[in-house]
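Handing you this structure, nothing more for now.
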Amino acid sequence: MKEFDLIIRGGTVVTHESAVAADIGIADGKIVAVGEKLGGSAREEIKADGLHVFPGLIDSHVHFNEPGRDDWEGIETGSRALVAGGGTMFFDMPLNAHPPTCDAASFDEKMKLAAEKSYADFALWGGLVPGNLHCLEQLAERGVIGFKAFMSNSGIEDFSRVDEVVLREGMKRAAQLGKLVAVHAESELITSELTKRALGKGKTSIRDYLDSRPIYAELDAIHKALQLAVETKCALHIVHVSSGAGVALIASAQKQGVDVTCETCPHYLVLTEEDVEKLGAVAKCAPPLRAKPAQDVLWRYLENGFVSTIGSDHSPAPPDLKRDQDFFKVWGGISGVQHTLPLLITDAHVNRRLALSPIAQLTSFNVAERFKLPKTKGRLAIGADADLALVDLQAKFTVRTEDLLYRHRQSPYVGRALTGRVVRTILRGSTVFQDGKLVSGPTGQLVKPGLG
Ligand SMILES: [Zn+2]
């Protein structure tokens, strides 16, 4: 008779391939058995009747702003909100931290803080900025997940955007190091010119801001990044693609053999520019939310498998920075790390009948594959870490300010009715979050990408 540390009985197991009734046997933090009515005994049993067991969500795009700006969010509060939403791992972006993660010393500093404070496992992005090409190798040695670059102004003074010359050099270097480059793709030329024109006429409303960052600014930048990917043979990931037209460009490059993938975010899927006009600062982001027809096209591409990953792009700021009559001056960034899974269950699965396996792909499996995580991450399978989210797919709830676990209780989803409540999150076999509460200390560990 087999002895497990933990058996999860009676749930529906959602993998990147299927959703079937099965029990899960766990020993030493790993999944060691998956099957119907597992025999054997365990020190602990979890009854999961009526629940779905998802692979823990891996959010490949968060800004927890530590060190240096933990008054904006912080690793402790950010990772707490992540595990509340069924997340078991995050990749932290290099900007917003001060110093930004652009060299080995800043990597070490952030890694130390995250190891002390994180409730989830984590990986770190390195920055690609003008002047740090000589640091890419040491960052790769430290185990960065990839390099992030901005093609338009980042809004952060010590994280400059790259022009095409620097991006080309950086991508060449990254390709030699076997690393991927992720870009924020909006044309600086177009966005800065349109911004200048608007402000020149004293136009500072929400609508004026939206008009200053049109879809064609995104397409222009994606197009340039794709050309560089062809030329440098560097793996490219376009983050937070806001439009179906953007995904279309990437899909056609993929067809031609370019090593490129893309991410979108829940806010581009469930909110539109009408929402930002209603909600204001809490829904400001860049690229901005789009009109409904563009959103419909984005959904179509997602439903057809052309979007690889969904990241929250959780990017909060203190309330002061979210208040200004001039909408251009308001800090752009949406807080969303707590609700990715229920948003997708509600809008993709319940409303649009997308199966559950594609959701597991977008939030876990594809992330692990694209970023070459060790095979222990991103899958609900024998041999993998027991990183799991138990979800009640019948439970409906309304997002309330008092339930937000962020440092600043702001979210464009407050008041939104969602289906799919995360009832328990398990990290490497141990429950970290259960029934609305943290139940363990911060035990997150750095995960370095594997070699193949
Ligand atoms: Zn971001």
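The values are calculated or read from the model by the stated rules, or taken from the named source; none is laboratory data. Computed from a predicted model, the values in this text were never measured in an experiment. Here Cβ is always computed from backbone atoms with ideal geometry, including for glycine, and neighbour counts include all displayed protein chains. Accessible surface is based on the protein model in full, side chains and every heavy atom, while ligands, DNA and RNA are left aside. Shrake-Rupley method; radii C 1.70, N 1.55, O 1.52, S 1.80 Å.
Take the range 46-66 and flag every residue that is away from the ligand (no atom under 16 Å from the Cβ), under 20 Å from Asp121 (Cβ atoms) and assigned to a strand (DSSP E or B).
Result: Val53, Phe54, Pro55, Leu57.
If Glu303 satisfies all but one of (1) within 16 Å of the ligand (Cβ to nearest atom); (2) under 17 Å from Ala248 (Cα atoms), what's the number of the condition it fails?
(1)
Out of all the residues in the range 310-322, which are away from the ligand (no atom under 12 Å from the Cβ) and touching a Cys at 6+ places or on another chain (Cβ under 8 Å)?
Ile310, the sole residue that qualifies.
When Val129 is evaluated against the numbered criteria (1) of a type outside the set (Phe, Trp, Tyr); (2) out of contact with any Ser or Thr (no Cβ under 6 Å at 6 or more places or on another chain); (3) surrounded by 18 or more Cβ atoms within 10 Å (Cβ to Cβ), which criterion, by number, is the only one it fails?
If we test Val129 against (1) of a type outside the set (Phe, Trp, Tyr); (2) out of contact with any Ser or Thr (no Cβ under 6 Å at 6 or more places or on another chain); (3) surrounded by 18 or more Cβ atoms within 10 Å (Cβ to Cβ), just (2) comes out false.
For the range 332-373, list the helices (runs of 4 or more DSSP H) that sit wholly inside it and hold at least 2 residues that are under 25 Å from Gly143 (Cα atoms), touching a residue at least 24 places away in the same chain (Cβ under 8 Å) and open to solvent by 10 Å² or more (accessible area, probe 1.4 Å); which are they?
Where helices (runs of 4 or more DSSP H) fall fully within the range 332-373 and carry at least 2 residues being under 25 Å from Gly143 (Cα atoms), touching a residue at least 24 places away in the same chain (Cβ under 8 Å) and open to solvent by 10 Å² or more (accessible area, probe 1.4 Å), they are 366-370.
Can you spot a residue in the range 253-260 that is touching a residue at least 12 places away in the same chain (Cβ under 8 Å), surrounded by 23 or more Cβ atoms within 10 Å (Cβ to Cβ) and within 16 Å of the ligand (Cβ to nearest atom)?
Checked against the condition, which is being touching a residue at least 12 places away in the same chain (Cβ under 8 Å), surrounded by 23 or more Cβ atoms within 10 Å (Cβ to Cβ) and within 16 Å of the ligand (Cβ to nearest atom), the range 253-260 yields no hits at all.
Still on this model: Among the candidates Ser411, Ser440, single out the residue that is under 13 Å from Tyr119 (Cα atoms) and either open to solvent by less than 40 Å² (accessible area, probe 1.4 Å) or of a type outside the set (Asp, Glu) (or both).
When all the criteria are applied, what remains is Ser440.
Which members of the range 277-315 meet the condition of being of a type in the set (D, E, K, R) and either more than 18 Å from Leu199 (Cα to Cα) or surrounded by fewer than 22 Cβ atoms within 10 Å (Cβ to Cβ) (or both)?
Answer for the range 277-315, where residues must be of a type in the set (D, E, K, R) and either more than 18 Å from Leu199 (Cα to Cα) or surrounded by fewer than 22 Cβ atoms within 10 Å (Cβ to Cβ) (or both): Glu277, Lys278, Arg290, Lys292, Asp296, Arg300, Glu303, Asp313.
Would the range 53-61 turn up any residue that is in contact with an Asp or Glu (Cβ under 9 Å, 6 or more places away or on another chain) and open to solvent by 20 Å² or more (accessible area, probe 1.4 Å)?
No, every residue in the range 53-61 fails to be in contact with an Asp or Glu (Cβ under 9 Å, 6 or more places away or on another chain) and open to solvent by 20 Å² or more (accessible area, probe 1.4 Å).
If I go through the range 181-197 residue by residue, how many of them are surrounded by 22 or more Cβ atoms within 10 Å (Cβ to Cβ) and among the polar types (S, T, N, Q)?
2
Working only within the range 83-103, note down all residues that are open to solvent by less than 10 Å² (accessible area, probe 1.4 Å) and either more than 15 Å from the ligand (Cβ to nearest atom) or basic (Lys, Arg) (or both).
Matches in the range 83-103: Val83, Gly85, Gly86, Gly87, Thr88, Met89.
What number of residues within the range 220-241 satisfy the criterion of being within 15 Å of the ligand (Cβ to nearest atom), surrounded by 24 or more Cβ atoms within 10 Å (Cβ to Cβ) and in a loop (DSSP other than H, G, I, E, B)?
2
Checking the conditions here, which among Gly244, Gly200, Gly178 is farther than 19 Å from His61 by Cβ, surrounded by 19 or more Cβ atoms within 10 Å (Cβ to Cβ) and away from the ligand (no atom under 15 Å from the Cβ)?
It is Gly244.
Just to be sure, is Thr340 touching a helix residue (DSSP H, G or I) at 6+ places or on another chain (Cβ under 8 Å), hydroxyl-bearing (Ser, Thr, Tyr) and either within 16 Å of the ligand (Cβ to nearest atom) or closer than 23 Å to Ile75 by Cα (or both)?
Against the criterion (touching a helix residue (DSSP H, G or I) at 6+ places or on another chain (Cβ under 8 Å), hydroxyl-bearing (Ser, Thr, Tyr) and either within 16 Å of the ligand (Cβ to nearest atom) or closer than 23 Å to Ile75 by Cα (or both)), Thr340 qualifies.
Also, I was wondering about something else. Can you pull out every residue in the range 375-397 that is out of contact with any Lys or Arg (no Cβ under 6 Å at 6 or more places or on another chain), more than 20 Å from Val34 (Cα to Cα) and either open to solvent by 30 Å² or more (accessible area, probe 1.4 Å) or in a helix (DSSP H, G or I) (or both)?
Residues satisfying the conditions are Gln394, Lys396.
I need the full set of residues from the range 316-329 which are at pLDDT 95 or above and either crowded, with 18+ Cβ neighbours inside 10 Å or in contact with a His (Cβ under 7 Å, 6 or more places away or on another chain) (or both), in order please.
Within the range 316-329, Phe327 is the sole residue that qualifies.
Now a separate question. In a strand (DSSP E or B) and in contact with a Lys or Arg (Cβ under 6 Å, 6 or more places away or on another chain): does that describe Thr425?
No; evaluated as a whole, the condition is false for this residue.
Next question. Using beta carbons and a limit of 8 Å, which pairs, at least six apart or on different chains, have the first residue in the range 52-66 and closer than 14 Å to Ala81 by Cβ and the second one among the basic types (Lys, Arg) and within 11 Å of the ligand (Cβ to nearest atom)?
The qualifying pairs do not exist here.
Report, by residue number, each residue of the range 161-179 that is in contact with a helix residue (DSSP H, G or I) (Cβ under 7 Å, 6 or more places away or on another chain) and among the aliphatic types (A, V, I, L, M).
Val162, Leu167, Met171, Ala174, Ala175, Leu177
Here's a follow-up. Let me confirm something: among Arg9, Arg69, Arg43, which residue is within 16 Å of the ligand (Cβ to nearest atom) and surrounded by fewer than 24 Cβ atoms within 10 Å (Cβ to Cβ)?
One residue alone meets the criteria, Arg69.
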